[in-house]
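The values are calculated or read from the model by the stated rules, or taken from the named source; none is laboratory data. Because the structure is a prediction, the values reported are computed rather than measured. Glycine gets a Cβ as well: all are built from the backbone with ideal geometry, and neighbour counts include every protein chain shown.
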Amino acid sequence: MRRSHFAAFAPICPRCATAGAGSHPLRIAAIFAEAADDIRQGILHCSNPACELEFPILDGIPVILPDPRAALAERGVEWLLREDLDPALESMLGDAIGPASWFDTLRQTVSTYSWDGWADLDPDEITADGAPEPGAARRCLARLGALAGAETANRVLDLGCGVGRTSFALAARHPGALVLGLDVQPSLLRQARRALGGRIAYPRRRIGVVYDQRSFPVAMPGAERVDFWAADAQALPFARGVADLAVALNLLDCVPEPRRLLASMADAVAPGGRLWLACPYDWSTRATPMETWIGGHSQRAAHRGAAEPFLRDLLTAGAHPQSVPGLSVLAEAADFPWQTRLHERASVSYRSHLLALGRNQ
């Protein structure tokens with residue numbers, strides 16, 4: 001956790017905020033390992049005497065979630081996974097633990113996101129004819145930037161940042177801005193932090209449970225202005241108006257309450273700021289209960305189950321009982337192609353709906 005980002009974004013206790021107990025700043029309670037301005041291990045405390053909730057800093061990543069105990073209980077194995085295993089030994093463990101296991105699920109996730117984020121810099125990467133090209137997330141970000149037009153930003157939030165490549169792209173687009181990438185998946189955040197250190201290493205899925213370990217150096221311009229935290233995009237640990245720009249690429253259909261995500265983003269952005277959204281509306285009840293979907297059900301409603309008009313209503317004051325106040329649609333694109341590699345012979349294709357939004361004065 002960079003001290004510069006801690007000072008600029010001034011995190012507050014997400015538990016107190018979601019409980020309506022006020023905006024209480026977090027303080028650095030203990031430091032166990034630090035290099036330059038980067039706290040590698042430590043503990044943050046809520047400053048509210050009635051709360052004093054503890055938030056760990058693990059491998060440079062502060063875990064600032066409303067219920068850190070539950071989050072660590074659910075994903076603790078990801079935080080504690082070893083990273084020093086020989087690829088042959090890791091392969092043997094993968095065979096032994098087997099397909100559809102927690103271990104294989106983690107490796108598949110890391111492979112898919114790391115390939116799209118970083119494979120263009122891998123000297124050993126060869127893209128077969130007709131296969132997807134890495135960089136779909138960055139191409140989507142560039143298209144949103146073109147829709148939004150010129151803007152300035154001093155503080156940028158990259159929600160659902162994954163392995164972090166889009167956070168570096170945002171830093172390049174906004175010279176001088178501090179960029180904070182946020183996600184809830186430790187295995188992806190670790191890849192992002194590894195990139196800050198100048199190297200990427202990930203298991204690239206070939207087929208089944210066969211993975212090829214890839215490792216190569218990266219040097220990202222503006223890396224000193226980028227940091228990565230574990231935080232819930234639906235309960236951001238910040239005071240209102242902390243950022244000038246908030247970005248959420250293909251995240252809206254991956255959270256339990258999409259409308260709450262929109263409201264959280266709107267609160268985090270200062271008046272006159274911008275929000276960028278991309279969404280393929282690929283709903284799954286494993287991530288989002290059907291009752292909270294934006295489209296994809298309720299064909300008897302005025303929108304007849306379509307997502308786009310429903311979302312526009314949510315972004316227009318007075319158009320829907322649950323409309324998010326203070327936002328306006330500046331520009332949109334209906335069908336942005338996004339292809340994700342799964343393994344050598346499989347990929348998934350999306351058509352994402354892109355929206356550039358303004359935070360009204």
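Go through 340, 316 for me and flag whichever is touching a strand residue (DSSP E or B) at 6+ places or on another chain (Cβ under 9 Å), surrounded by 17 or more Cβ atoms within 10 Å (Cβ to Cβ) and not hydrophobic (A, V, I, L, M, F, W, C).
That would be 340, the only listed residue that is touching a strand residue (DSSP E or B) at 6+ places or on another chain (Cβ under 9 Å), surrounded by 17 or more Cβ atoms within 10 Å (Cβ to Cβ) and not hydrophobic (A, V, I, L, M, F, W, C).
Considering only residues that are in a loop (DSSP other than H, G, I, E, B) and either among the acidic types (Asp, Glu) or exposed (fewer than 15 other Cβ atoms within 10 Å of the Cβ) (or both), which ones fall in region 1-22?
Within region 1-22, 10, 19, 20, 21, 22 qualify.
Out of region 88-110, which residues are within 29 Å of residue 235 (Cβ to Cβ) and either exposed (fewer than 12 other Cβ atoms within 10 Å of the Cβ) or touching a residue at least 60 places away in the same chain (Cβ under 8 Å) (or both)?
Those that are within 29 Å of residue 235 (Cβ to Cβ) and either exposed (fewer than 12 other Cβ atoms within 10 Å of the Cβ) or touching a residue at least 60 places away in the same chain (Cβ under 8 Å) (or both): 102, 106, 107, 108, 109, 110.
Give region 55-87 a look and list any residue that's closer than 17 Å to residue 202 by Cα, in contact (Cβ under 8 Å) with a residue 60 or more places away in the chain, within 21 Å of the chain's Cα centre (by Cα) and not in a loop (DSSP other than H, G, I, E, B), or say none.
78, 79
So if I check each of 335, 253, which one is touching a strand residue (DSSP E or B) at 6+ places or on another chain (Cβ under 7 Å) and not in a strand (DSSP E or B)?
253
For residues that are surrounded by fewer than 22 Cβ atoms within 10 Å (Cβ to Cβ) and at pLDDT 95 or above, tally how many sit in region 148-158.
Qualifying residue count for the region: 2.
Go through 258, 271 for me and flag whichever is closer than 15 Å to residue 293 by Cβ, over 13 Å from the mean Cα position of the chain (by Cα) and at pLDDT 95 or above.
258
Go through 167, 187 for me and flag whichever is of a type in the set (S, T, N, Q), modelled with pLDDT of 95 or more, buried (at least 23 other Cβ atoms within 10 Å of the Cβ) and within 15 Å of the chain's Cα centre (by Cα).
It is 167.
Could you grab the pairs with beta carbons closer than 9 Å, sequence gap of 6+ or different chains, first residue in region 212-235 and assigned by TED's automatic domain parsing to the domain that holds residue 160 and of a type in the set (Phe, Trp, Tyr), second one buried (at least 22 other Cβ atoms within 10 Å of the Cβ) and assigned to a loop (DSSP other than H, G, I, E, B)?
228/1; 228/60; 228/161; 228/164; 229/1; 229/11; 229/237
Checking the conditions here, which among 260, 274 is part of a helix (DSSP H, G or I) and surrounded by 15 or more Cβ atoms within 10 Å (Cβ to Cβ)?
Exactly one residue qualifies, and that residue is 260.
One line per residue, one yes/no per condition, for (1) touching a residue at least 24 places away in the same chain (Cβ under 8 Å); (2) within 21 Å of residue 147 (Cβ to Cβ); (3) not assigned by TED's automatic domain parsing to the domain that holds residue 348:
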| site | (1), (2), (3) |
| --- | --- |
| 249 | yes, yes, no |
| 260 | yes, no, no |
| 275 | yes, yes, no |
| 278 | yes, yes, no |
| 321 | no, no, no |
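Would you confirm, using the coordinates I've provided, whether residue 295 is surrounded by 15 or more Cβ atoms within 10 Å (Cβ to Cβ) and either touching a residue at least 60 places away in the same chain (Cβ under 8 Å) or touching a Pro at 6+ places or on another chain (Cβ under 6 Å) (or both)?
Against the criterion (surrounded by 15 or more Cβ atoms within 10 Å (Cβ to Cβ) and either touching a residue at least 60 places away in the same chain (Cβ under 8 Å) or touching a Pro at 6+ places or on another chain (Cβ under 6 Å) (or both)), residue 295 does not qualify.
From the list 82, 75, which one is surrounded by fewer than 17 Cβ atoms within 10 Å (Cβ to Cβ), of a type in the set (Lys, Arg) and over 21 Å from residue 346 (Cα atoms)?
The match here is 82.
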